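The values are calculated or read from the model by the stated rules, or taken from the named source; none is laboratory data. In this text, all values refer to a predicted model and were calculated from it rather than measured experimentally. Cβ coordinates were reconstructed from backbone atoms using ideal geometry, including for glycine residues, and neighbour counts include every protein chain displayed. We work out accessible area using only protein heavy atoms, side chains counted, and drop any ligands, DNA or RNA first. Shrake-Rupley method; radii C 1.70, N 1.55, O 1.52, S 1.80 Å.
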Amino acid sequence: MDPKLLVLFNRSGYAFYANPAGSITDAALSNDVNDDDSWDGVWENKATVNGDGWTVEMRIPFNQIRFPKKDNYVWGVNFRRMIRRKNEQSSFNWSPKTDAAIVSRFARLEGLRGISPGGRVEFMPYMVGQAQLRPSQAGNPFETGRRALGNAGFDLKVGLKSNLTLDATVNPDFGQVEVDPAVLNLSAYETYYEEKRPFFIEGASLFNNFGRGGVFMNANINWPQPTFFYSRRIGREPQGYVTEDGFARTPDRTTILGAAKLTGKLGGSWNVGWLSALTGREFAQIDQLGTRLRQEVEPLSYYGTVRVQKDIAEGKSGIGMMATGVVRDLSSDSTGTLAGILNKNAFSLAVDGWTSLDKKKDWVIGGWAGATRVEGSVEDILRLQNSSMHYFQRPDAGYLSVDPTARSLSGWAGRLNLAKQNGNLLVLANVGAISPGFDPNDTGFQYGGSDIINMQFIPGYQWTKPGKVFRYALVIGGWFRNYDFGWNKNWDGGILEFQGQLRNFWQFDTMFAYNPDTISKTLTRGGPLALMPSGWQVNLMLSTDSRKPVVFEFQGTTYQRARASEEWQGELSARWKPGTNVSLSVGPTLTIEKNELQWVTRVGDPLMTSTYGSRYVFGRIDQKVLGSEIRLDWTFTPKLTLQAYMQPFLAVGHYDAFKELAAAKAFAYNVYGGGTLGGGGTGGSGNGSTIAYDTASGAYTVDPDGAAGAAAPFAFGNPDFNYKSLRGTVVLRWEYKPGSLLYFVWTQNRADYANPGDLRIGRDLGDLFSAPGDNIFLLKVSYRWNI
């Protein structure tokens with residue numbers, strides 16, 4: 001049984017959890033329904049098991065929860081108990097399942113007098129030692145096989161007045177965080193990784209919830225929801241590259257010289273968040289036969305964001321603002337490399353808000369609007385206009401054009417939401433737009449590019465009272481569509497989903513979606529539009545009774561697009577809890593994909609008039625990805641824990657049936673060496689194209705119209721791959737004093753690339769486990785002074 005104490009201040013608050021073994025955790029509550037478990041308060045508890053059950057006492061210092069100083073207080077409070085063996089949750093203050101609100105439904109705690117939030121100053125210095133063991137490389141003075149590093153810094157937490165907290169860090173180290181998983185990304189867009197560094201995740205909910213206030217329901221069907229602040233930009237891997245010959249060593253991350261953030265409330269109803277960080281200039285070291293050089297690969301940079309939000313009439317309405325900025329000092333870039341690939345400045349400004357349309361807050365309308373502006377050199381802004389985020393160079397987009405003299409780029413975006421989110425009948429309607437010049441990616445994150453007009457309408461119905469078959473069930477269905485700013489229909493379709501919980505506590509979720517023919521503006525990566533044939537998708541999720549010591553979950557999906565692609569994905573995970581203090585989970589996954597239209601390259605050819613003077617080359621890929629995430633969480637005592645994570649990962653892809661787009665805005669391709677896909681066309685294999693592979697050079701040579709034709713032959717490398725990775729982290733954490741920590745960490749990373757295009761599981765796993773690996777051992781100790 002896990003009890004929970006919840007304390008509220010308007011629509012925000014804190015949650016404190018404990019179990020009979022004495023283990024504890026906590027969370028910050030916001031926006032009435034969100035909980036942020038990254039918040040880490042310093043408090044104590046004692047649990048005792050007796051003949052009648054068990055009891056728990058919690059000691060929570062007032063200076064750990066922010067509230068203004070008053071003569072009399074009225075707080076919200078609730079108590080919950082989860083009985084795992086029954087999957088039963090009991091609450092002191094009941095809230096119906098048809099009600100989306102949580103925090104605002106707490107009971108009132110009155111009569112609080114004579115208390116004070118108190119002062120709060122915490123100083124936490126740290127020291128860390130690190131040993132890196134990796135394979136040596138003959139002749140490379142930077143890879144001798146061993147390297148020892150040390151570091152020191154401190155964190156500072158200060159309570160300002162009564163309900164504001166200032167956090168500061170100088171030269172922080174995050175060596176104890178879990179490694180990022182290996183992924184296969186064949187798209188033109190970067191991979192999103194979750195933030196795991198404690199300084200940045202604690203209290204981040206105010207920044208992350210921009211645009212989501214008031215409207216709790218959320219659906220982003222083919223809508224690349226922009227994130228205005230993505231903290232992993234701070235301290236990222238250097239973005240520059242070495243242009244000199246010789247052996248080189250480039251830092252794996254940018255040094256954070258210092259960072260500070262201010263979070264809390266002003267005036268009782270204004271939520272405030274501010275964060276600033278300064279990252280250092282980074283250099284790659286280069287060795288040219290004993291001569292040492294340095295080249296700058298990351299400039300001195302400032303990152304900042306500010307967020308304010310005001311609740312009105314006890315959360316019935318609200319309004320907020322967010323601004324971000326990054327400023328880079330490119331003045332010392334002697335080669336000019338960084339000035340050609342990095343924006344000098346980037347800023348964003350956005351507002352959000354919501355209002356309830358009725359007294360019960362069943363119907364809510366909300367939304368946000370924002371703008372971005374980036375500045376840089378002519379070379380940098382030209383690169384940005386042609387990047388996958390914008391594709392201004394698309395030859396058949398009459399509303400777009402590339403400005404080769406531009407030194408800045410600006411854009412806007414926004415979304416409007418209407419929702420009925422209480423009761424059995426649910427409704428969600430959205431309309432949003434992202435202009436072609438919008439770009440938040442210097443301080444934020446957006447996947448999938450700009451130039452989007454999105455709309456969706458998704459009604460649903462939920463059954464919250466247990467019946468003969470279901471304890472709970474929800475059915476939703478609706479329609480969605482995307483256009484670009486030239487009103488080409490880029491995405492379209494309908495969706496139907498049914499999810500719920502059976503009487504035996506098994507949970508399920510099944511979904512069907514259909515997409516008619518649409519026009520893609522990204523398939524040719526800056527080239528002309530292309531027709532994408534219709535497709536359909538089916539998802540299924542089934543999980544067993546979560547009360548049991550062993551829980552299984554299956555997730556499967558397939559997407560079928562006639563004549564173009566087929567994809568199958570499956571995951572079977574198992575979680576075993578032999579006791580309240582031990583949890584082991586294993587989740588193998590398998591993906592099989594065959595895609596006729598996997599991007600390969602673009603080749604300029606003025607004879608290819610049907611596609612605006614370029615040949616857009618694709619291949620058929622047969623791709624298989626096999627992986628698994630294995631986690632162990634072991635709580636020896638509430639103060640001593642062990643966490644282990646390991647991910648073996650295999651990704652193999654073989655390309656054949658290379659082809660080129662035969663005509664814009666059509667499903668028509670000429671296959672090199674003979675044949676067509678779709679309608680076919682002229683200027684390619686229809687005129688006797690040939691293709692040959694040279695094993696010595698590893699390159700394909702294509703003559704688009706044969707020896708008798710006028711088109712020039714061209715070549716491209718073999719894109720086959722066989723990527724094998726093993727990543728893992730083991731973290732032993734000891735809280736030897738409240739808030740004071742000692743970490744021992746072992747991180748391993750190994751990879752192998754042999755036998756591209758050919759999957760043999762036994763051989764490939766053998767190659768992976770026998771491949772040389774990088775091993776990092778880290779010891780970190782911090783001490784908390786509560787002043």
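Here are some conditions: (1) more than 25 Å from residue 742 (Cβ to Cβ); (2) at pLDDT below 80; (3) open to solvent by less than 40 Å² (accessible area, probe 1.4 Å). Residue 96 meets all but one. Which one does it not meet?
That leaves (3) as the condition not met.
Could you grab the pairs with beta carbons closer than 6 Å, sequence gap of 6+ or different chains, first residue in the stretch 108-136 and under 23 Å from residue 164 (Cβ atoms) and among the acidic types (Asp, Glu), second one assigned to a loop (DSSP other than H, G, I, E, B) and open to solvent by less than 60 Å² (accessible area, probe 1.4 Å)?
Final answer for the pair search is 122/784.
Is it the case, given these coordinates, that residue 683 is within 18 Å of residue 618 (Cα to Cα), surrounded by fewer than 20 Cβ atoms within 10 Å (Cβ to Cβ) and modelled with pLDDT under 95? Give the derivation first.
Numbers: within 18 Å of residue 618 (Cα to Cα): yes; surrounded by fewer than 20 Cβ atoms within 10 Å (Cβ to Cβ): no; modelled with pLDDT under 95: yes.
When the stated conditions are applied, residue 683 does not pass them.
Which number in (1) open to solvent by 10 Å² or more (accessible area, probe 1.4 Å); (2) within 27 Å of residue 211 (Cβ to Cβ); (3) modelled with pLDDT of 95 or more marks the one condition that residue 361 misses?
If we test residue 361 against (1) open to solvent by 10 Å² or more (accessible area, probe 1.4 Å); (2) within 27 Å of residue 211 (Cβ to Cβ); (3) modelled with pLDDT of 95 or more, just (3) comes out false.
Among (1) more than 25 Å from the chain's Cα centre (by Cα); (2) open to solvent by 20 Å² or more (accessible area, probe 1.4 Å), there is one condition residue 315 misses while meeting the rest; what is its number?
The single condition residue 315 does not satisfy is (2).
Of all residues being over 26 Å from the mean Cα position of the chain (by Cα) and open to solvent by 50 Å² or more (accessible area, probe 1.4 Å) in the stretch 553-590, which is nearest to residue 49 (Cα to Cα)? Just the residue, please.
Among them, the one singled out is 580.
Suppose we filter the stretch 267-308 for residues that are among the aliphatic types (A, V, I, L, M) and free of Cβ contacts under 8 Å to residues at least 40 places away in the same chain; how many remain?
Applying the first criterion (among the aliphatic types (A, V, I, L, M)) to the stretch 267-308 yields 272, 275, 277-278, 284, 286, 289, 293, 297, 300, 306, 308.
When the remaining residues are screened for being free of Cβ contacts under 8 Å to residues at least 40 places away in the same chain, the result is 278, 300, 306, 308.
Qualifying residue count, the stretch 267-308: 4.
Determine if the stretch 626-634 includes at least one residue that is more than 30 Å from residue 734 (Cβ to Cβ) and either open to solvent by 50 Å² or more (accessible area, probe 1.4 Å) or touching a strand residue (DSSP E or B) at 6+ places or on another chain (Cβ under 9 Å) (or both). Quick ask: steps written out before the conclusion?
Start the filter on the stretch 626-634 by keeping residues that are more than 30 Å from residue 734 (Cβ to Cβ), which leaves 626-627.
Still in the running and either open to solvent by 50 Å² or more (accessible area, probe 1.4 Å) or touching a strand residue (DSSP E or B) at 6+ places or on another chain (Cβ under 9 Å) (or both): 626-627.
Yes, because at least one residue in the stretch 626-634 is more than 30 Å from residue 734 (Cβ to Cβ) and either open to solvent by 50 Å² or more (accessible area, probe 1.4 Å) or touching a strand residue (DSSP E or B) at 6+ places or on another chain (Cβ under 9 Å) (or both).
Could you please let me know if residue 244 is at pLDDT 90 or above, of a type in the set (Asp, Glu) and within 20 Å of the chain's Cα centre (by Cα)? Even if it seems obvious, please write down each step before you answer.
Working: at pLDDT 90 or above: yes; of a type in the set (Asp, Glu): yes; within 20 Å of the chain's Cα centre (by Cα): no.
No.
Can you tell me which of (1) surrounded by 16 or more Cβ atoms within 10 Å (Cβ to Cβ); (2) part of a strand (DSSP E or B); (3) touching a Leu at 6+ places or on another chain (Cβ under 8 Å); (4) at pLDDT 95 or above is the one residue 453 doesn't meet?
(3)
Kindly indicate the residue of the stretch 250-263 that is of a type in the set (Val, Ile, Thr) and either open to solvent by less than 10 Å² (accessible area, probe 1.4 Å) or in contact with a Ser or Thr (Cβ under 6 Å, 6 or more places away or on another chain) (or both) and also farthest from residue 12 (Cα to Cα) among those meeting that condition. Full working, then the answer.
Taking the stretch 250-263 first, the residues of a type in the set (Val, Ile, Thr) are 250, 254-256, 263.
Cutting the leftovers down to either open to solvent by less than 10 Å² (accessible area, probe 1.4 Å) or in contact with a Ser or Thr (Cβ under 6 Å, 6 or more places away or on another chain) (or both) gives us 254, 256, 263.
Details: 254: 35, 256: 31, 263: 13 Å.
Among residues in the stretch 250-263 that are of a type in the set (Val, Ile, Thr) and either open to solvent by less than 10 Å² (accessible area, probe 1.4 Å) or in contact with a Ser or Thr (Cβ under 6 Å, 6 or more places away or on another chain) (or both), the one farthest from residue 12 (Cα to Cα) is 254.
Kindly provide the set of residues from the stretch 241-265 that are touching a residue at least 60 places away in the same chain (Cβ under 8 Å) and either out of contact with any strand residue (DSSP E or B) (no Cβ under 9 Å at 6 or more places or on another chain) or closer than 17 Å to residue 302 by Cα (or both), ordered by number. Quick ask: steps written out before the conclusion?
Taking the stretch 241-265 and keeping what is touching a residue at least 60 places away in the same chain (Cβ under 8 Å), we get 241, 243, 247-249, 255-265.
The answer is 255, 256, 257, 258, 259, 260, 261, 262.
Please verify whether residue 215 is of a type in the set (Val, Ile, Thr), out of contact with any Lys or Arg (no Cβ under 6 Å at 6 or more places or on another chain) and closer than 22 Å to residue 351 by Cβ, treating the condition exactly as stated. Walk me through it before giving the result.
Working: of a type in the set (Val, Ile, Thr): yes; out of contact with any Lys or Arg (no Cβ under 6 Å at 6 or more places or on another chain): yes; closer than 22 Å to residue 351 by Cβ: yes.
Answer is yes for this residue.
Any chance you could count how many residues in the stretch 456-481 are more than 16 Å from residue 512 (Cβ to Cβ), among the small types (Gly, Ala, Ser) and buried (at least 17 other Cβ atoms within 10 Å of the Cβ)?
Result for the stretch 456-481: 1.
Listed here are the residues, each with its yes/no results for (1) open to solvent by 10 Å² or more (accessible area, probe 1.4 Å); (2) at pLDDT 95 or above.
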{"position": "265", "(1), (2)": "yes, no"}
{"position": "269", "(1), (2)": "yes, no"}
{"position": "273", "(1), (2)": "no, no"}
{"position": "276", "(1), (2)": "yes, yes"}
{"position": "279", "(1), (2)": "no, yes"}
{"position": "287", "(1), (2)": "yes, no"}
{"position": "293", "(1), (2)": "yes, no"}
{"position": "307", "(1), (2)": "no, yes"}
{"position": "311", "(1), (2)": "yes, no"}
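If you scan the stretch 484-500, which residues turn out to be under 23 Å from residue 427 (Cβ atoms) and either open to solvent by less than 50 Å² (accessible area, probe 1.4 Å) or touching a helix residue (DSSP H, G or I) at 6+ places or on another chain (Cβ under 7 Å) (or both)?
If we filter the stretch 484-500 for residues that are under 23 Å from residue 427 (Cβ atoms), which is where we start, we get 491-500.
Correct list: 492, 493, 494, 495, 497, 500.
For residue 142, state whether it is in contact (Cβ under 8 Å) with a residue 60 or more places away in the chain and within 19 Å of residue 772 (Cβ to Cβ). Lay out the reasoning, then the answer.
Values: in contact (Cβ under 8 Å) with a residue 60 or more places away in the chain: yes; within 19 Å of residue 772 (Cβ to Cβ): yes.
Criteria met by residue 142.
Kindly indicate whether residue 221 is open to solvent by less than 50 Å² (accessible area, probe 1.4 Å), in contact with a Phe, Trp or Tyr (Cβ under 8 Å, 6 or more places away or on another chain) and within 20 Å of residue 274 (Cβ to Cβ).
On the way: open to solvent by less than 50 Å² (accessible area, probe 1.4 Å): yes; in contact with a Phe, Trp or Tyr (Cβ under 8 Å, 6 or more places away or on another chain): yes; within 20 Å of residue 274 (Cβ to Cβ): no.
No; evaluated as a whole, the condition is false for this residue.
Out of (1) in a strand (DSSP E or B); (2) without any contact (Cβ under 8 Å) to a residue 40 or more places away in the chain, the odd one out for residue 487 is which?
With respect to (1) in a strand (DSSP E or B); (2) without any contact (Cβ under 8 Å) to a residue 40 or more places away in the chain, residue 487 is out only on (1).
For every residue, the table says whether it meets (1) within 20 Å of residue 129 (Cα to Cα); (2) of a type in the set (D, E, K, R).
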position	(1), (2)
715	no, no
720	no, yes
724	no, yes
730	yes, no
743	yes, no
748	yes, no
751	no, no
755	no, no
765	no, no
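Exactly one of (1) open to solvent by 20 Å² or more (accessible area, probe 1.4 Å); (2) closer than 25 Å to residue 614 by Cβ; (3) over 22 Å from the mean Cα position of the chain (by Cα) is unmet by residue 437. Its number?
Of the numbered conditions (1) open to solvent by 20 Å² or more (accessible area, probe 1.4 Å); (2) closer than 25 Å to residue 614 by Cβ; (3) over 22 Å from the mean Cα position of the chain (by Cα), the odd one out for residue 437 is (1).
Residue-by-condition table, conditions (1) open to solvent by 50 Å² or more (accessible area, probe 1.4 Å); (2) assigned to a loop (DSSP other than H, G, I, E, B); (3) of a type in the set (Phe, Trp, Tyr):
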| position | (1), (2), (3) |
| --- | --- |
| 115 | no, yes, no |
| 127 | yes, no, no |
| 131 | no, no, no |
| 136 | yes, yes, no |
| 144 | yes, yes, no |
| 168 | no, no, no |
| 193 | yes, yes, yes |
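Pick out, from the stretch 696-766, the strands (runs of 3 or more DSSP E) lying fully within it that include 3 or more residues that are closer than 24 Å to residue 173 by Cα and open to solvent by 30 Å² or more (accessible area, probe 1.4 Å). So that I can check it myself, show each step before the final result.
Working: elements: 699-703, 714-717, 721-737, 740-752.
Passing ranges, in order: 721-737, 740-752.
Among the residues of the stretch 656-670, write down those that are touching a helix residue (DSSP H, G or I) at 6+ places or on another chain (Cβ under 7 Å) and surrounded by fewer than 23 Cβ atoms within 10 Å (Cβ to Cβ). Spell out the reasoning first.
Quick first cut of the stretch 656-670, residues touching a helix residue (DSSP H, G or I) at 6+ places or on another chain (Cβ under 7 Å) only: 661-664, 670.
Listed by number, the residues that qualify are 663, 664.
So, residue 736, is that one of a type in the set (Ser, Thr, Tyr), under 30 Å from residue 177 (Cβ atoms) and modelled with pLDDT under 95 or not?
Details: of a type in the set (Ser, Thr, Tyr): yes; under 30 Å from residue 177 (Cβ atoms): yes; modelled with pLDDT under 95: yes.
Yes.
Find the residue count for the stretch 231-243, including only residues that are open to solvent by 20 Å² or more (accessible area, probe 1.4 Å) and either part of a helix (DSSP H, G or I) or not charged (D, E, K, R) (or both). Working first, answer last.
Within the stretch 231-243, the subset open to solvent by 20 Å² or more (accessible area, probe 1.4 Å) is 232, 236-237, 239, 241-243.
Right, trim to either part of a helix (DSSP H, G or I) or not charged (D, E, K, R) (or both) and you get 232, 239, 241-243.
Counting residues in the stretch 231-243 that are open to solvent by 20 Å² or more (accessible area, probe 1.4 Å) and either part of a helix (DSSP H, G or I) or not charged (D, E, K, R) (or both) gives 5.
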